[in-house]
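The values are calculated or read from the model by the stated rules, or taken from the named source; none is laboratory data. Given the structure is predicted, the values throughout are model-derived calculations rather than measurements. Using ideal geometry, Cβ is built from the backbone for each residue, glycine included, and neighbour counts are taken over all protein chains shown. In case anyone asks, the SASA skips ligands and DNA or RNA and just uses the protein heavy atoms, side chains included. Shrake-Rupley method; radii C 1.70, N 1.55, O 1.52, S 1.80 Å.
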Amino acid sequence: MDKPLSLLVDRLQTPIGELLIVADRAGKLRTIDWTDHEARMRQLLDRSYGKGGYTLTPARDPGGLTSAMRAYFKGDIWVIDTLPVATNGTPFQQSVWRALRKIKRGQTISYAELARRIGRPKAVRAAGLANGQNPISIVVPCHRVIGSDGTLTGYGGGLPRKKWLLQHEGVLS
């Protein structure tokens, strides 16, 4: 049997709730979620690595990621652009998540534009589903995807958090 993936977890108080930051021993971000959605985060980890396929050990500032996220919430929105991430998903999901990281801070795109950017313009729903399965919110900025009519739609952490993040990044006034 393979040795379980050793993951480190830290918690960070933010203006919009407590954040769980999960990294591997190499300092790569594996998942971020809100503590009020911890059960969902564990389901995603189970799906990605298998039940018993990982361990979660409390750690302080793994890989400097907690410090980076603290800086983001204090106004250094650029800090998230270079954080190392490691996600486990299908090739299609990976393509969506790479495209999300290329959305410039201070901008939003529609789900249709997201599908176009990955070269699959007719796969709008599939791109939306992959966006919703993104395990690393904020850093892989799924909150920057909005409805084609400009409305705020879907965010795993809730629409009030999505609105706050977009205001924080200067998209909404």
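Within the range 121-128, one or more residues are of a type outside the set (K, R), at pLDDT 95 or above, open to solvent by less than 20 Å² (accessible area, probe 1.4 Å) and under 23 Å from G89 (Cα atoms). Tell me yes or no: at least one residue of the range 98-107 is surrounded by fewer than 20 Cβ atoms within 10 Å (Cβ to Cβ), modelled with pLDDT under 95 and of a type in the set (V, I, T). Taking every residue of the range 98-107 in turn, none turns out to be surrounded by fewer than 20 Cβ atoms within 10 Å (Cβ to Cβ), modelled with pLDDT under 95 and of a type in the set (V, I, T).
Among residues of the range 80-96 that are of a type in the set (G, A, S), those with a Cβ under 7 angstrom from a residue that is open to solvent by less than 50 Å² (accessible area, probe 1.4 Å), sequence gap 6+ or separate chain, pair up as A86/D24; A86/R30; G89/W97; S95/I118. Is one or more of the residues making up the range 23-36 more than 17 Å from the chain's Cα centre (by Cα) and open to solvent by 40 Å² or more (accessible area, probe 1.4 Å)? The answer is yes; a qualifying residue exists.
I need a count of the residues in the range 61-88 that are at positive phi and part of a helix (DSSP H, G or I). Residues meeting the conditions: 2. No other residue among D81, D61 is at pLDDT 95 or above and of a type in the set (D, E) apart from D61.
When T66 is tested against (1) touching a helix residue (DSSP H, G or I) at 6+ places or on another chain (Cβ under 9 Å); (2) over 24 Å from D149 (Cα atoms); (3) at pLDDT 95 or above, exactly one condition is not met: (1). Taking the criterion of being in a loop (DSSP other than H, G, I, E, B) and either of a type in the set (G, A, S) or open to solvent by 50 Å² or more (accessible area, probe 1.4 Å) (or both), the residues of the range 108-120 that qualify are G119, R120.
Mind checking whether some residue in the range 146-155 is within 12 Å of the chain's Cα centre (by Cα), surrounded by 15 or more Cβ atoms within 10 Å (Cβ to Cβ) and in a loop (DSSP other than H, G, I, E, B)? There is at least one residue in the range 146-155 that is within 12 Å of the chain's Cα centre (by Cα), surrounded by 15 or more Cβ atoms within 10 Å (Cβ to Cβ) and in a loop (DSSP other than H, G, I, E, B).
Among residues of the range 24-35 that are assigned to a helix (DSSP H, G or I), those with a beta-carbon under 8 Å from a residue that is open to solvent by 40 Å² or more (accessible area, probe 1.4 Å) at least six positions away or on a different chain give the pairs T35/R11; T35/E18.
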